[in-house]
1. Pull up region 149-161, narrow it to residues that are open to solvent by 60 Å² or more (accessible area, probe 1.4 Å) and part of a helix (DSSP H, G or I), then point me to the one that is nearest to Ala235 (Cα to Cα).
2. Of all residues in region 6-50, which are modelled with pLDDT under 95 and either among the aromatic types (Phe, Trp, Tyr) or under 21 Å from the mean Cα position of the chain (by Cα) (or both)?
3. If I go through region 58-73 residue by residue, how many of them are more than 19 Å from Gly256 (Cβ to Cβ) and touching a residue at least 12 places away in the same chain (Cβ under 8 Å)?
4. Please name all residue pairs, on different chains or six or more residues apart, with Cβ atoms under 9 Å, provided the first residue is in region 208-223 and is more than 19 Å from Asp39 (Cα to Cα) and the second residue is open to solvent by less than 30 Å² (accessible area, probe 1.4 Å) and among the β-branched types (Val, Ile, Thr).
5. Looking at region 55-148, what helices (runs of 4 or more DSSP H) fall wholly within it and have at least 3 residues that are buried (at least 20 other Cβ atoms within 10 Å of the Cβ)?
6. Taking only pairs six or more apart or across chains, which ones have beta-carbon atoms under 6 Å, a first residue in region 295-321 that is open to solvent by 100 Å² or more (accessible area, probe 1.4 Å), and a second residue that is assigned to a strand (DSSP E or B) and modelled with pLDDT of 95 or more?
7. Give Asp163, Asp134, Asp115 a once-over and let me know the one that is of a type in the set (Asp, Glu), modelled with pLDDT of 95 or more and under 19 Å from the mean Cα position of the chain (by Cα).
8. If you check Ala186 against the conditions, is it hydrophobic (A, V, I, L, M, F, W, C), surrounded by fewer than 22 Cβ atoms within 10 Å (Cβ to Cβ) and over 20 Å from Ala82 (Cα atoms)?
Amino acid sequence: MTAPSLPATSSAPPVLAEVVRSGFVEGRHRGSLVLLDADGAVELALGDVTAPVFPRSSNKPMQAAGVLRAGLELSGERLALAAASHSGETFHRDLVRKMLDEHGLSEEQLGCPPDLPLDPEERETYLVTGGERDRVTMNCSGKHTAMLAACALRGWPLETYLDPEHPLQRLIHRGVEDAAGERVAAVGTDGCGAPLMAISLTGLARAFRSFVLAAPGTPERRVADAMRAHPEYVAGTRRADTWLMRDVPGALSKMGAEAVQALALPDGRALAFKVDDGSVRALGPVLARALRLMGVDAPVVERIGRAPLTGADAVVGEIRAVF
C-alpha cells in the first residue's frame, strides 16, 4: 500500500532561507509559512499552507489538553512538562520521575524509547558523569508520563496507550481537529512512538491561536498558561522556545522535529511554518523574520535569528531568511 504523502505541487516551495558562506550562497532551505492576523485571517502565505504536514512536537499542546480532558489534574511545571520536548536537564528528569511516582507508574511503562539528553551541552555532561540512554531522559517523557497517568485515572489500558484507537488517543485526535478547525488528514507514528496527526500549517496556526484565546480554566488555556509560566520545562535553559516565551509577553511557542514551528501572540496573531528539508538550522532565522513581519520588536528576536557560519575560529557567513 502506498503511504499518504504531501500532495504534488506544480512548482517548488519558495526559498525561506539561504546559507551564505564567504559571500557565496552555498545552500537554500525551501518551505511554507503562514501568518494569521489578530482576527484569524491569513495575512501572509508562502508556499502551500493548506497541504497536510506532520507538526511533530508542535502537536504537544493539543496532546496535553487531551490528558486534561480525560480528567487528569495537572498544573504548573507538571503541565508544562506534559507539553514538552525537554532538553533532558536534571530538573526535567527529576520531575518526570516524581510524576511517575505520584501516579504509581514506573519508567518501564513509558512507551518512548531510551535516549540521551536533547540539549548538546547537557548530553556531554550527562555522558561524562556516566549517564546512559533511558526513557526518562528522552525529550517526550513528560508527555508519555501524563498520557499514562490519564489512562490509569480512567481505568484505560496502559499497555496499549499509544494505539491510535485507544480511548485517550481518540480523545486527543478530536481535540486536534477542534483546535485546528479541520479534519486530520493522516495519522502516523512520531519518533517517540505516539500517534501523530497531520494537519495543515494554517490549521496548526489556528490551533495555537485558539489556545491563547481560550477562556480561562479551559484545558486549552490551562496548557497555554502553564507553558508560558514555565517555559524552561517546555524546552530547556538554552532553547529558543524558552527564550521567546520568557521575553515576549504572552507568546506561546513550540517547535517540532523536521523543522516545524508554531507560535501565537496573546492578541490572536499566529504563525506556523515548515522547512521542507527538515533542517533545524534554518528555524531561528525564519522564525525571527516572521516575528519581525508580525511587528514583534524585542532583543530575543535578534538572538534567535542569529545563525553564524564559521571557518576555523572566524565567522565567515550566516544562514539568513530571504522573504
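The values are calculated or read from the model by the stated rules, or taken from the named source; none is laboratory data. This is a predicted model, so every value here is computed, not measured. We place every Cβ from the backbone using ideal geometry, glycine too, and count neighbours over all the protein chains shown. The area values use the complete protein model at the heavy-atom level, side chains included, leaving out ligands, DNA and RNA. Shrake-Rupley method; radii C 1.70, N 1.55, O 1.52, S 1.80 Å.
1. Checking each candidate, the answer is Leu153.
2. Leu6 - this is the single residue of region 6-50 that is modelled with pLDDT under 95 and either among the aromatic types (Phe, Trp, Tyr) or under 21 Å from the mean Cα position of the chain (by Cα) (or both).
3. Initially, region 58-73 is screened for residues more than 19 Å from Gly256 (Cβ to Cβ), giving 68-73.
If we keep only those that are touching a residue at least 12 places away in the same chain (Cβ under 8 Å) too, we end up with 68-72.
Qualifying residue count for the region: 5.
4. Listed by first residue and then by second, the contacts come to Pro219/Val67.
5. Details: elements: 60-69, 76-82, 90-102, 120-128.
By residue number, 60-69, 76-82, 90-102.
6. Val315/Pro308
7. On the way: Asp163 fails: under 19 Å from the mean Cα position of the chain (by Cα); Asp134 fails: under 19 Å from the mean Cα position of the chain (by Cα).
Result: Asp115 is the single residue among Asp163, Asp134, Asp115 that is of a type in the set (Asp, Glu), modelled with pLDDT of 95 or more and under 19 Å from the mean Cα position of the chain (by Cα).
8. On the way: hydrophobic (A, V, I, L, M, F, W, C): yes; surrounded by fewer than 22 Cβ atoms within 10 Å (Cβ to Cβ): yes; over 20 Å from Ala82 (Cα atoms): yes.
Yes: the conditions hold for Ala186.
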